[in-house]
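Just below is one structure, and these are the notes that go with it.
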Amino acid sequence: MNEMQAAPPPPDPPQATIQPRHRFSLIWLIPVVAFAIAAWLGWHTLSQLGPMIDITFQTGNGLVAGQTAVKHKAVDLGRVESVRLTHDMSKVVVRVRMRREATSNLTSHARFWVVRPRFTPGNISGLETLVSGSYIEFDPGAPGGTPQRQFVGLEQPPGVRSDEPGRTFTLKAQRIGSIGEGSPVFYRDIPVGEVLGYQRPALGQPIMVNIFVRKPYDSYVREDSHFWNVSGVSVAFDPQGVHVELESLQALLAGGVAFWTPSDNPGKEAAAGATFPLYPDLDAAESAGFKDNIPFVTYFRESVSGLGRGSPVRLYGLQVGTVTEVRLQIDPKTGEPRIRVGFDIQPERVLQPGELPNRPPLQVVSKLVKEGMRAEVDTANYVTGQEVLALVFAPGAPAADVSQEGEAIVLPSQSGGGLLDIAGSLSQIVNRLNRLPLDQIGANLNATLASLRNSVGGPQLKDALQSLTGTLASVQDLVRTANDNVGPALRRLPEMSAELQQTVARADRVLASINNGYGANSDLNRNLQRLLDQFNDAARSIRLLADFLDRHPEALLRGRPGSALQ
């Protein structure tokens, strides 16, 4: 046991030590690079992100969260993150994350609208979205707006982008016809702009239409330019026939506006936003372009059907003015109704500036009225009944005075021509026919026809016809007998005439012998001469009788034509 206790303990086992390695492994670059790339991408993405904006639309048709892009000139500037309804579920709120470069343009001047396929009478757009899908178009607008993050989207694309050069103008109209947003603006049939829209008019106020004219045509709009409506088709009936005017197919479908500027003496360029009247047609625009408009008034106490505002005023067939007013009025002196027709005379329509009279209009009109000038309603087209106001010179017209009503000159009138005269003549004929005793004439005619029927069917007419038949038969027998008896005599007449002529010749020879024997102045010679003259007359008479009977054998029964036997 002691030995066992005295045994020394075993030695400690050797301790192993690990020496650290200081070598760098390339495998560690992979996560480092991946982390760096992820960090850079994250930073770049965050750095490119712009503000979040909300756009309100009436509908969310074609908008998809996470897919629909916001573009400007085909460049992505944002993407739709969510599409939701408002609390009252009346509209759609589209939340869009914009890119950083668009932040400075998110102002009150910015506009947003959805680009989708649109088919309108005057335009077709957005066909490319049939393949790529709808997107939101962004127009930054003019610089200088206030920053904002809430926008109201446009339901229709705007007519003009903010970066398109040109100017806007305002037109004032009582009616706009088919003019609407996007309708074209024409200058000499060239589309130079379009209608931006119109403002809702107040009660009794004109409609204000906003238009845009592109460069360089905006410089053609001058202070004396005239605009008129060219919507649809204009059909007019005039003395030359049917006149159809169509500006273009686009104007026919979507309406349109045209303007004209005098080229001989154009005024100053119109400033942006200038206001012009919009005339209903070209004639009204041209009439407004004349500087000299002399107002006139005339009165009628007869129908003026077919005459209205815009009807032409003509002198010798040439238009010299336009009717401006036709209305019923009560004569303050007599209390009788009458038609008041107001019209303007534009001498520049037919006279050159150097040909205009330098005397006052009232003095010129007074002289013309003394020479018989009167106003009357005449028919311009008998098919449509269109009337015109004609200034005519009536020979022998009663004297009339020329007065003034304010600035208007009162011109005397007379009964019109054309359809009015025809209607008056027809009315007189109808009145005369109404005064005829047609009932009495009809009764007498019925009585006459009854008497004639009784006479035709009576025994007297039958007896007379039988007697006439017998008489005709007797006449026929007489003619046949005359032909049988007279024929040989007629055939002998030429022979008798020849024999008589031979006898006369022999008598001439005998007379010549007697003259030789007894002398030319003896009684025997004179008696023989008279005898020969009588023979000559008898022969000539027989020859004439034979010729006559040869041509008219019926003369033996009826006598000589023109004689008392007929």
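Per-structure values
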read-out: Simple spin-label estimate for ASP54 and GLU269 in nanometres, 7 Å along Cα-Cβ; value: 4.5
read-out: Candidate lysines - alpha carbon under 30 Å from LYS215, same-chain residues fewer than 8 apart omitted; value: LYS71, LYS73, LYS172, LYS268, LYS291
read-out: FRET efficiency, ASP292 to LEU368 (Cβ-Cβ, R0 22 Å, nearest 0.05); value: 0.85
read-out: Segment ARG327-ASP401, length gained on full extension (0.36 nm per residue, minus Cα span); value: 24.4 nm
read-out: Neighbour-limited loop hits for trypsin sites (Lys or Arg not before Pro), the range 186-224 (at most 14 other Cβ within 10 Å; DSSP other than H, G, I, E, B); value: ARG188
read-out: Length added when fully stretched, VAL33-GLU81, from 0.36 nm per residue minus Cα-Cα; value: 14.2 nm
read-out: Environment charge of ILE207, counting only residues whose C-beta is closer than 12 Å and scoring Lys/Arg +1, Asp/Glu -1; value: +3
read-out: Per-residue Cβ neighbour rank within 10 angstrom, fewest leading, ILE339, ILE53, ILE441; value: ILE441, ILE339, ILE53
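Each value in this text was obtained by applying a stated rule to the coordinates, not by laboratory testing. What you see is a predicted model, and the numbers here were worked out from it, not measured in a lab. No Cβ is skipped: glycine too gets one built from the backbone with ideal geometry, and neighbour counts run over all protein chains shown.
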